[in-house]
Amino acid sequence: VPGVNSTYMHAGNRNSGTAFHCEDGVMRSVNLTLFGWNIWILVAIHHTDKLESFLLGKARPGTRCDQSVRHENIILSPNVLQAAEIDFIVLLAGPGDLVETQPRQYHWVINYSTVVKMAINF
């Protein structure tokens, strides 16, 4: 599907990144780091609904969509996730490392250095 599962290049400076999101269309993704280092926080699939409730619990009824968390541009400390009892893992990805996300798996990425990555959804 053009624009959805086409190869996508990411380039970013140190401390740039992406806020909490999951892939469009309930797809999974693979992300290959070509240059640099990035830190990934991946929320456990079994806590997807719990994370959404935690982050959007005060949202007005009828204002949520399947990408509401992405629209909020939220980045949280792992300490906040631990306090909310939301399971997650932390990965450090460098050159040649491949990170896979599952359908509806929330994640965020912070670039620890200047980074170039390639990704595709499927």
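Read-outs: derived from the displayed coordinates by stated rules, not from any lab. This structure is a prediction, so every number in the text was calculated from the model and none was measured. Cβ placement follows ideal geometry from the backbone for every residue including glycine, while neighbour counts extend to all protein chains displayed.
Just a few scattered comments:
- Whole-number Å³ per residue for the convex hull built on Cα positions in region 8-121: 94
- Estimated FRET transfer efficiency when R0 is 22 angstrom, pair Ala84-Ala19 (beta carbons, to 0.05): 0.85
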